[in-house]
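The values are calculated or read from the model by the stated rules, or taken from the named source; none is laboratory data. Here the structure is a predicted model, which means the values were calculated and not measured. Methodologically, a virtual Cβ is constructed for each residue, glycine included, from the backbone with ideal geometry; neighbour enumeration extends over all protein chains shown.
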Amino acid sequence: MVFSSHLFLFYFLPVSLALYYLLPMRGRNLLLTLLSYLFYGWSNPLFTLLMFFSTVVDYICGWVIGGTTPAVSQKTRKTALFVSIITNLSLLGVFKYSHFALENYNILLTATGIEGMGIETGFRFILPLGISFYTFQSMSYSIDVYRGEAGYQKNFIDFSCYVSMFPQLVAGPIIRFQEVANQLAVRTHTIEKFSRGVAFFCLGMAKKVLLANGCGKIADVMFSAGSTHLFDSWYGAMAYAFQIYFDFSGYSDMAIGLGLMFGFVFPKNFSSPYKSASITEFWRRWHISLSTWLREYLYFPLGGNRKGRGRTAANLLIVMFLGGLWHGASWNFIIWGLLHGSLLGLERSMGRRSLYFKLRRPFRIAVTFMLVLVAWVFFRAETLPAALNYLGSMFGMVAVPETSLLVRGIVYQPYFLLVMTISSIVVWAGPQSWDWTRTLTFSKSIVIASLMALSIVLLTLQSYNPFIYFNF
């Protein structure tokens, strides 16, 4: 089930809200948990078993780490933490990376001439929706309890609600337990909070339906066209950059909005990332919850920036390598992560002495955006050869067939040009949803209602287009 569907908008959400507000506070977390399992298991009920297993393991581990008597040894607490981490990483490893690992193992054996030792299997695991998100979220609970940064949760229903909460279950933002621990016990419900939640949801829907889907059609055409002219290739890469931003930030807006409707305040996940004047700044603004997770649970434990520039650069490369791998079992994602890690390390090593940082901010924003576009090619392309071919088109290094001119007749239609123009305005001149919804006036309400009405109309005309981050 996806937010941008008639099933969710006209059936699941209204019924969920009605049941929620009819129940007393004591039963609401249980209701949210049951609704979340229904939401998550709608396409494949078996997926709920994995999430329940992860929830049970981390609940027990959290109880052992934080809820036992002082007589329990530190070794036992470390063992419980180890069990939590290994269990969650094993779920990810089996369901997300096993086929990738076997495939590359066989390729390596073939390259070394000992293919007789290869492992052949026709079996392949289906990737459960959102497994990368809820395993990270559940695992961070055990780590925070071990560090003393969060108390353990005695109530299993409340903990299950935290892990499974449907607004942010399948595509984030990644919520740390300490951010909602108090809200699980006590939270306020006000007209202002609910209204802001509705506004967030409507704006997120508009981003997804009105902008992301249109930009996505351009990107699909360009990335499937093979070799194209230089300008056209950059246009396609920009379309994908807009698509993934509006798609994911739109989902985050909807998740934050739904959270507010149910009384929860989730953290901000995007802060106009394409206004960044460096790659370092970009990662402070893009997918903030993932950046925070990687920083707290990988970068700092590796030593952060406390052991010299060389070690800092290496730490950044390791973290972004794992961040790329987290997005998917593909060399393209790994290269995407390594590119960002290399740029982050280079910025940290060169500091403010480089020519890059001597440019005026508008020029640095332009350069940063171009670097991000180049990296996005690996993120979007289906294969590594396809990514390299597309990059060759972007830099005029491949032969372009005359048939590529036919692509222009598709991607430069007035509708697509309008979508790209509006997207550019919103990206670089528009206000952030987080700030714009703080105060809701009558005129803002009219704009929000109009955007939502238009989005619903277009939903009936557009083909099915799920959120990109559902794949991760």
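In segment 279-331, what residues are in a loop (DSSP other than H, G, I, E, B), buried (at least 18 other Cβ atoms within 10 Å of the Cβ) and either in contact with a Cys (Cβ under 8 Å, 6 or more places away or on another chain) or not polar (S, T, N, Q) (or both)? Break it down stepwise before answering.
Taking segment 279-331 and keeping what is in a loop (DSSP other than H, G, I, E, B), we get 286-287, 303-308, 328-330.
Narrowing further to those that are buried (at least 18 other Cβ atoms within 10 Å of the Cβ): 286-287, 328-330.
Across segment 279-331, the qualifying residues are W286, H287, G328, A329.
Anything in segment 369-415 that is surrounded by 12 or more Cβ atoms within 10 Å (Cβ to Cβ), under 30 Å from S342 (Cβ atoms), β-branched (V, I, T) and modelled with pLDDT under 95? List them, or say none.
V398, V400
Would a scan of segment 217-224 turn up a residue that is of a type in the set (V, I, T), modelled with pLDDT under 95 and surrounded by fewer than 22 Cβ atoms within 10 Å (Cβ to Cβ)?
The answer is yes; a qualifying residue exists.
Keeping to segment 264-306, report how many residues are of a type in the set (A, V, I, L, M) and in contact (Cβ under 8 Å) with a residue 60 or more places away in the chain. Please lay out each step first, then the result.
Looking only at segment 264-306, we keep the residues that are of a type in the set (A, V, I, L, M), and these are 265, 277, 279, 288, 290, 294, 298, 302.
Applying the additional criterion that residues be in contact (Cβ under 8 Å) with a residue 60 or more places away in the chain yields 265, 277, 279, 288, 290.
Of the residues in that region, 5 qualify.
Examine segment 133-146 for a residue that is of a type outside the set (G, A, S) and either part of a loop (DSSP other than H, G, I, E, B) or modelled with pLDDT of 95 or more (or both), and state whether such a residue exists.
Here is the first cut: in segment 133-146, the residues of a type outside the set (G, A, S) are 133-137, 139, 141, 143-146.
When the remaining residues are screened for being either part of a loop (DSSP other than H, G, I, E, B) or modelled with pLDDT of 95 or more (or both), the result is none.
Looking through segment 133-146, none of the residues is of a type outside the set (G, A, S) and either part of a loop (DSSP other than H, G, I, E, B) or modelled with pLDDT of 95 or more (or both).
Would it be correct to say that R196 is basic (K, R), at pLDDT 90 or above, surrounded by fewer than 24 Cβ atoms within 10 Å (Cβ to Cβ) and in contact with a helix residue (DSSP H, G or I) (Cβ under 6 Å, 6 or more places away or on another chain)? I'd like the intermediate steps shown before the answer.
Numbers: basic (K, R): yes; at pLDDT 90 or above: yes; surrounded by fewer than 24 Cβ atoms within 10 Å (Cβ to Cβ): yes; in contact with a helix residue (DSSP H, G or I) (Cβ under 6 Å, 6 or more places away or on another chain): yes.
Considered against the rule, which asks whether it is basic (K, R), at pLDDT 90 or above, surrounded by fewer than 24 Cβ atoms within 10 Å (Cβ to Cβ) and in contact with a helix residue (DSSP H, G or I) (Cβ under 6 Å, 6 or more places away or on another chain), R196 comes out as yes.
Do any helices (runs of 4 or more DSSP H) lying entirely in segment 168-236 carry at least 1 residues that are assigned by TED's automatic domain parsing to the domain that holds R438 and in contact with a Ser or Thr (Cβ under 9 Å, 6 or more places away or on another chain), and which ones are they? Give the steps one after another, and end with the answer.
Values: elements: 177-185, 191-206, 213-223.
By residue number, 191-206, 213-223.
Quick one: which helices (runs of 4 or more DSSP H) sit completely within segment 386-444 and have at least 1 residues that are closer than 18 Å to S233 by Cα and of a type in the set (G, A, S)?
Values: elements: 405-411, 414-429, 433-436.
Qualifying helices (runs of 4 or more DSSP H): 405-411, 414-429.
Look at S36 and say whether it is among the hydroxyl-bearing types (S, T, Y), closer than 22 Å to V209 by Cβ and either out of contact with any strand residue (DSSP E or B) (no Cβ under 7 Å at 6 or more places or on another chain) or assigned to a helix (DSSP H, G or I) (or both). Before you say what the answer is, go through the steps one by one.
Values: among the hydroxyl-bearing types (S, T, Y): yes; closer than 22 Å to V209 by Cβ: no; either out of contact with any strand residue (DSSP E or B) (no Cβ under 7 Å at 6 or more places or on another chain) or assigned to a helix (DSSP H, G or I) (or both): yes.
In short, no.
Can you pull out the residues in segment 311-332 that are touching a residue at least 12 places away in the same chain (Cβ under 8 Å) and either farther than 27 Å from Y390 by Cα or of a type in the set (A, V, I, L, M) (or both)?
First, the residues of segment 311-332 that are touching a residue at least 12 places away in the same chain (Cβ under 8 Å): 312-332.
Within segment 311-332, T312, A313, A314, N315, L316, L317, I318, V319, M320, L322, L325, A329 qualify.
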